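The values are calculated or read from the model by the stated rules, or taken from the named source; none is laboratory data. Quick caveat: nothing in here was measured; it's all calculated off a predicted structure. Glycine also receives a Cβ, built like all others from the backbone with ideal geometry; neighbour counts cover every protein chain displayed.
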Amino acid sequence: NAGVTQTPKFQVLKTGQSMTLQCAQDMNHNSMYWYRQDPGMGLRLIYYSASEGTTDKGEVPNGYNVSRLNKREFSLRLESAAPSQTSVYFCATGVEIRRPQYFGPGTRLLVL
Amino acid sequence: DAKTTQPTSMDCAEGRAANLPCNHSTISGNEYVYWYRQIHSQGPQYIIHGLKNNETNEMASLIITEDRKSSTLILPHATLRDTAVYYCIVLYNNNDMRFGAGTRLTVKP
């Protein structure tokens, strides 16, 4: 039982490159979330998916797209990476919206 | 939307109770208070949540004032492994968790 897994663990991109961050969960949770955490700051919600087939914007969605591929997987895509997107990205899941969330280990992204 | 205010940092002696305060004076009647912690650079860990009543689980206790404008997270017997940043959160529109800067708790031997 791995819980919430994220790939890759670490990535370096050049400005303008694209990439997809992957998140998978084996907790049979309905809701999934993507956050970013900049140095010395709290987490900020990028997008979330209340259930399979739905996605909604969070606090800081600009520059990102998401796909809820199925109940287990929720991916975050950067179409054209910018240095301002250098951050640690965390995926989280919950039984449903407004219930406790359980976080993955994070993906550290550096955009040069 | 409700916002929270927490002290920037606190120290606690190992084995003693750690009491972490949080102010949320603009909280609405149906908004829950959640507590998470983040150890070093790991993903945040859920601790406890509550609406009106005090709550207790295997990790901590949550005391919410009667007017719901503030709460206190209590770690009854702090250990060195409890050193972390603790976040008090009120759900925005009941969906969006807005993390602030949190309280950096240092447990000292």
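For the subset of segment A:36-49 comprising residues that are assigned to a loop (DSSP other than H, G, I, E, B) and closer than 18 Å to B:Val90 by Cα, which member is modelled with the highest pLDDT? Steps first, please.
Our first condition is that a residue be assigned to a loop (DSSP other than H, G, I, E, B); within segment A:36-49, this holds for A:38-42.
Okay, now just the ones that are also closer than 18 Å to B:Val90 by Cα, so A:41-42.
On the way: A:Met41: 83, A:Gly42: 86.
Restricting to residues being assigned to a loop (DSSP other than H, G, I, E, B) and closer than 18 Å to B:Val90 by Cα, the top hit is A:Gly42.
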Query raised in the report: If a residue has to be under 22 Å from A:Thr55 (Cβ atoms) and either aromatic (Phe, Trp, Tyr) or touching a Pro at 6+ places or on another chain (Cβ under 7 Å) (or both) to count, how many in segment A:82-112 make the cut?
Result: 6
Requested in this report: For B:Gln42, state whether it is within 10 Å of the chain's Cα centre (by Cα), within 12 Å of another protein chain (Cβ to nearest Cβ) and polar (S, T, N, Q).
Outcome: no
Report summary line: A:Gln22: passes all of (1) farther than 15 Å from A:Val111 by Cβ; (2) part of a loop (DSSP other than H, G, I, E, B); (3) in contact with a strand residue (DSSP E or B) (Cβ under 8 Å, 6 or more places away or on another chain); (4) not aromatic (Phe, Trp, Tyr) but (2)
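Out of all the residues in segment A:68-87, which are assigned to a strand (DSSP E or B), more than 8 Å from the chain's Cα centre (by Cα) and surrounded by fewer than 19 Cβ atoms within 10 Å (Cβ to Cβ)?
The first filter runs over segment A:68-87 and keeps only residues assigned to a strand (DSSP E or B), leaving A:68, A:73-78, A:87.
Then drop every residue that is not more than 8 Å from the chain's Cα centre (by Cα), which leaves A:68, A:73, A:77-78, A:87.
Answer for segment A:68-87, where residues must be assigned to a strand (DSSP E or B), more than 8 Å from the chain's Cα centre (by Cα) and surrounded by fewer than 19 Cβ atoms within 10 Å (Cβ to Cβ): A:Glu73, A:Arg77.
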Report summary line: When segment B:33-42 is checked residue by residue, the ones that are farther than 15 Å from B:Arg81 by Cα and either free of Cβ contacts under 8 Å to residues at least 60 places away in the same chain or surrounded by fewer than 18 Cβ atoms within 10 Å (Cβ to Cβ) (or both) are B:Val33, B:Trp35
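Those residues that are charged (D, E, K, R), part of a loop (DSSP other than H, G, I, E, B) and either within 14 Å of chain B (Cβ to nearest Cβ) or surrounded by 17 or more Cβ atoms within 10 Å (Cβ to Cβ) (or both), I need them from segment A:50-67; list them, please. Walk me through how you get there before you give the answer.
Of segment A:50-67, the ones charged (D, E, K, R) are A:52, A:56-57, A:59.
Within this subset, residues satisfying the condition of being part of a loop (DSSP other than H, G, I, E, B) are A:52, A:59.
Scanning segment A:50-67 gives a single hit, A:Glu59.
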Requested in this report: Return the total of residues in segment A:86-103 being over 21 Å from B:Tyr32 (Cα atoms) and more than 9 Å from chain B (Cβ to nearest Cβ).
Outcome: 3
Requested in this report: Enumerate the strands (runs of 3 or more DSSP E) found wholly within segment B:7-49, keeping only those where 1 or more residues are of a type in the set (Gly, Ala, Ser) and closer than 24 Å to A:Ser87 by Cα.
Outcome: B:9-13
